[in-house]
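Single-structure report; data block below.
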Amino acid sequence: WQTPPDSTNEFIGGREDVATVDGIAPGGLRSALVLVGAFDRHSGVPVLGVINEPFFQRDPQTRRYPQTLHLGV
C-alpha cells in the first residue's frame with residue numbers, strides 16, 4: 001500500500017498551534033504521514049515498512065522542518 005504522493009498537500013498550510021492529545025497531533029502539519037509497505041506476493045507476509053513524518057518538529061532557530069523516518073524489516 002502507499003499513500004498518494006500529494007496526500008500531505010492539505011497539511012502544507014496546516015496550523016502549528018494545534019495542541020497534542022495524549023502525545024498525538026490530531027491536525028495540522030505534525031499529523032502528516034507518508035506510509036509505504038511491501039509484502040511477499042507468495043505468502044502475503046509483510047517484509048518492509050516505512051513511515052515518513054515530513055513535518056516532525058519545527059526547528060526554532062532555522063524555522064525548518066526536519067523529517068523523521070521509521071523503518072521496519
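Here, each number is a calculation from the coordinates, and none is a lab measurement. This structure is a prediction, so every number in the text was calculated from the model and none was measured. So basically every Cβ, Gly included, is an ideal-geometry build from the backbone, and we count neighbours across all protein chains shown.
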* Spin-label proximity, ASP17 to the range 52-69 - amide N less than 18 Å from point 7 Å beyond Cα toward beta carbon -> 58
* To do: Subtract the Cα-Cα distance of VAL36 and THR68 from 0.36 nm times their separation in residues, and report this length gain in nm to one decimal.
  => 10.1 nm
* Provide the packing ranking of 51-62, 33-44, i.e. peptides ordered by the mean count of other C-beta atoms within 10 Å per residue, highest first. => 51-62, 33-44
